[in-house]
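Values in this text are rule-based calculations from the coordinates and carry no lab data. A quick note: this is a predicted structure, and the numbers were derived from the prediction, not measured. Using ideal geometry, Cβ is built from the backbone for each residue, glycine included, and neighbour counts are taken over all protein chains shown.
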Amino acid sequence: MANTEKINLLNLNRTGLEGFFVELGEKPFRSKQLLQWVHQRGVTDFTQMTDMSKSLRETLGQKACIEFPRIIDIQQSKDGTRKWLLSVDGAENAIECVLIPEKSRTTLCISSQVGCTLNCSFCSTGKQGFNRNLNTAEIIAQLHLAHHSLLRDGNARGITNVVMMGMGEPLMNFDAVMAAVDLMCDDYAYALSKRRVTISTAGVVPAIEKLRRTTDVSLAISLHAPNDALREKLVPINRKYPIRELLNACRSYIDGYKSRRITFEYVMLKGVNDGIEHARELVKQIGDIPCKLNLIPFNSYPHAIYQCSDKETIDRFREYVSSKGIFTVTRRARGEDIDAACGQLVGQFKDRSRRSQKYQLSLSEIGRVSHAH
Ligand code: SAH
């Protein structure tokens, strides 16, 4: 039987797996065993799952598979950042995930869609248009690949934090993302605490409300501007869900959680949103919300219409907002030499001018024709 007719068990969270095993006439607890084999031990060959009967292993081999996106390329930055380029259905659709090692944690930045529909004016992912949603298997596979590559390297801690800040808008792919989050937090899979899983959104307000009813993972909001007129230009979805509605959704998201804070992301664009007047307006908007502010120096890419604010301007902005009691950090750009920084993902894949020699090689090795424009 071809793999396409088999069910890819990477698509199933614990509840889904329980249903699958019960349908086979097995006990629900098989789902825990399977999760441990696949996600904790990294074993994807059913014949090696020795705590299951031989006949069950054979049935699994006939009816199911564990299928990953194909690795096209892995790049390692000077600063330790590592980036995977993965192909999902052929050379046209590629996604990336980025591993960011730090002293006290190792974060994986995961993609949720191929491309993005939101078309934020400063983001290169939007420029490539939208192709499709990723399924749960393709989302959790990113964590599986990165985590087990760390374990193989002798890094016993593995991935400690996940941020849904790669390509795509996670809240526009709600169900697949939530099933993947279930796996991230499942004790029998990656056992990450919900605090260590962050969903970042450009502000899909109804989906934030749905998220609040579903889970309590950490929430990051790509705010980027302190008023609607400016935000509409940077983040077009603001026309549908203006700042006031967005911030109200944030207030209710953490309502009732004492120690919870919203993370606001704010990309620093020279002469656009980086003045003291913007900082002042921003404080008025978010000052009452338990939050922290991440200032993201703009990462450039070919044909970008913005520039990054000067360091002094960013410092001044940060000092002003901090002086008003908002915990503010400037995010250090990581993995710039391999185009792994925020907003740079897969720019390279689509843009002939930046495609490296190495990358062309890896494409020709897999015998695919590129369609750069
Ligand atoms: N769609 C989600 C998650 C993906 S983007 C969201 O909007 O939150 C992750 C973060 O990187 C967002 O805050 C996004 O606005 C920011 N970003 C996008 N392009 C960038 C660029 N060129 N430089 C710096 N940050 C960028």
- prompt: What does the convex hull of the Cα atoms of segment 120-188 come to per residue, in Å³, rounded to a whole number?
  reply: 112
- prompt: Along the principal axes of its C-alpha atoms, what lengths does segment 293-339 span, in descending order and rounded to whole Å?
  reply: 36, 20, 14
query: Taking Cα atoms of the chain, Rg/Rh with Kirkwood Rh, to two decimals?
result: 0.98
- prompt: With contacts defined as alpha carbon pairs under 8 Å and 6 or more residues apart, what's the relative contact order of the chain in percent?
  reply: 15
query: Between segment 252-286 and segment 80-138, what's the alpha-carbon centroid distance in Å?
result: 25
- line: Beyond 29 Å (Cα-Cα) in this structure, taken from Lys103/Lys233; Lys83/Lys292; Lys6/Lys27; Lys6/Lys78, we find Lys103/Lys233; Lys6/Lys78
message: How would Tyr266, Tyr320 line up from fewest to most surrounding beta-carbon atoms within 10 angstrom?
response: Tyr320, Tyr266
- prompt: What translational D, rounded to a whole number of µm²/s, comes out for segment 7-65 from Stokes-Einstein when the hydrodynamic radius is the Kirkwood one over Cα pairs, at 37 °C and 0.692 mPa s?
  reply: 293
query: Rounded to the nearest 500, what is the chain's calculated 222 nm mean residue ellipticity when only DSSP H runs of at least 4 contribute -39500 (n - 2.57) each, over all residues?
result: -9500 deg cm²/dmol
- prompt: Which Cys residues of the chain have no other Cys Cβ less than 4.7 Å away and so no disulfide-compatible partner by this rule?
  reply: Cys65, Cys97, Cys109, Cys116, Cys185, Cys250, Cys291, Cys308, Cys342
